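Chemist: There's a structure below that I have some questions on.
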Amino acid sequence: MASSPLLGRHALVTGASRGIGAAIARMLAQEGATLTLLGRTAAPLQALAEELGPAHGFACADIADAAQLQAAIAAARDARGPILVLVNNAGQAESAPFGRTSADLWQRMLAVNLTGCFTCTQAVLADMRAARHGRIVNIASTAAQRGYAYVSAYVAAKHGVLGLTRALALELAAEGITVNAVCPGYTETEILRESIDKVVAKTGRSVEAARAEFSRFNPQGRFVQPEDVADAVRWLCGDGAASITGQAISVSGGEVM
Ligand code: NAP
């Protein structure tokens, strides 16, 4: 860790209280980064920040509320310095057949999964530009690389995240800032458990049958683990990935190639 390029760098991870975000936060902390953990619920963020150590902190904001988010990011900067690593991870995946996708659900999925990335990125960009160094990693999804039925709003938002990633990568390429997307397949977290519960409730299938329905998408026949995703993020945040920008790294056991 002594030679880690992340040593002392302030990294903001959104949606860091559990699942993929918590795994990313733990891995970046191991690499020496100083973390701000962001989410809506204080208790699990505080518990994780305490687990990571006194250099780290947390901030509460709804990613869909731009004013709240900007205020939380400004306070994090005041507390721990300029933000040079941003992991846009907070997300939600609500399902509905397209015909029953209300305008409200549509807007919610765009606000949380896509506009949140926009707001956070705008809020930290001046820090990265001043340092002529930055790492932005957007946790998209295989739903940014292919379609899935019954989650059109989520899929559209995640495709948008990939578009934002590619456009911004080009705009910032000459400034020492890389912008990449990590695209997990079905990953063993709360979001997946909720989807499985919904299938069980709607179809009367067993939990095992519902799990098999999701895991069959992955050619490895298993669910991706949060640490698999975190390791790709760790690599993208390091100096070894300086030439990697505008990419969509699929962490999906070969589901997308
Ligand atoms: P998760 O376990 O449900 O965790 C989601 C995190 O986001 C939590 O920390 C949650 O904290 C936070 N969050 C949710 N809504 C928020 C909001 N409005 N404002 C601020 N924070 C919010 O989900 P996960 O599976 O780890 O997902 C993380 C990311 O990976 C998401 O972008 C998701 O789309 C993506 N992904 C997941 C999978 C999968 O199968 N699990 C696959 C592909 C992509 P609070 O509730 O306290 O706010």
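Chemist: Scan Val151, Val207 and give me the residue that is among the aliphatic types (A, V, I, L, M) and not assigned by TED's automatic domain parsing to the domain that holds Trp106.
Modeler: Only one candidate passes the filter, namely Val207.
Residue-wise test of (1) on the phi > 0 side of the Ramachandran plot; (2) part of a strand (DSSP E or B); (3) out of contact with any strand residue (DSSP E or B) (no Cβ under 7 Å at 6 or more places or on another chain); (4) not aromatic (Phe, Trp, Tyr).
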residue: Arg135; (1), (2), (3), (4): no, yes, no, yes
residue: Tyr148; (1), (2), (3), (4): no, no, yes, no
residue: Ala156; (1), (2), (3), (4): no, no, yes, yes
residue: Ala167; (1), (2), (3), (4): no, no, yes, yes
residue: Glu171; (1), (2), (3), (4): no, no, yes, yes
residue: Asn180; (1), (2), (3), (4): no, yes, no, yes
residue: Pro219; (1), (2), (3), (4): no, no, yes, yes
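Chemist: Same structure again: Can you find a residue in segment 191-201 that is of a type outside the set (Asp, Glu), more than 12 Å from the ligand (Cβ to nearest atom), open to solvent by 60 Å² or more (accessible area, probe 1.4 Å) and modelled with pLDDT under 95?
Modeler: Yes; the residues of segment 191-201 include at least one that is of a type outside the set (Asp, Glu), more than 12 Å from the ligand (Cβ to nearest atom), open to solvent by 60 Å² or more (accessible area, probe 1.4 Å) and modelled with pLDDT under 95.
Chemist: Residues Leu6, Leu69, Leu35: which one is open to solvent by less than 50 Å² (accessible area, probe 1.4 Å), closer than 24 Å to Thr187 by Cα and among the hydrophobic types (A, V, I, L, M, F, W, C)?
Modeler: The match here is Leu35.
Chemist: Restricting attention to segment 42-61, report how many residues are in contact with an Asp or Glu (Cβ under 9 Å, 6 or more places away or on another chain) and either of a type in the set (A, V, I, L, M) or at pLDDT below 95 (or both).
Modeler: The qualifying residues number 0.
Chemist: Go through segment 87-139 residue by residue and tally those that are open to solvent by 40 Å² or more (accessible area, probe 1.4 Å), in contact (Cβ under 8 Å) with a residue 24 or more places away in the chain, within 22 Å of Ala71 (Cβ to Cβ) and of a type outside the set (A, V, I, L, M, F, W, C).
Modeler: The number of residues fulfilling the criteria is 4.
The values are calculated or read from the model by the stated rules, or taken from the named source; none is laboratory data. Predicted, not measured: the structure shown is a model, and the values here were computed from it. Cβ atoms come from the backbone with ideal geometry, glycine included; neighbour counts cover every protein chain shown. All accessible areas refer to the heavy atoms of the entire protein, side chains included, with ligands and DNA or RNA removed. Shrake-Rupley method; radii C 1.70, N 1.55, O 1.52, S 1.80 Å.
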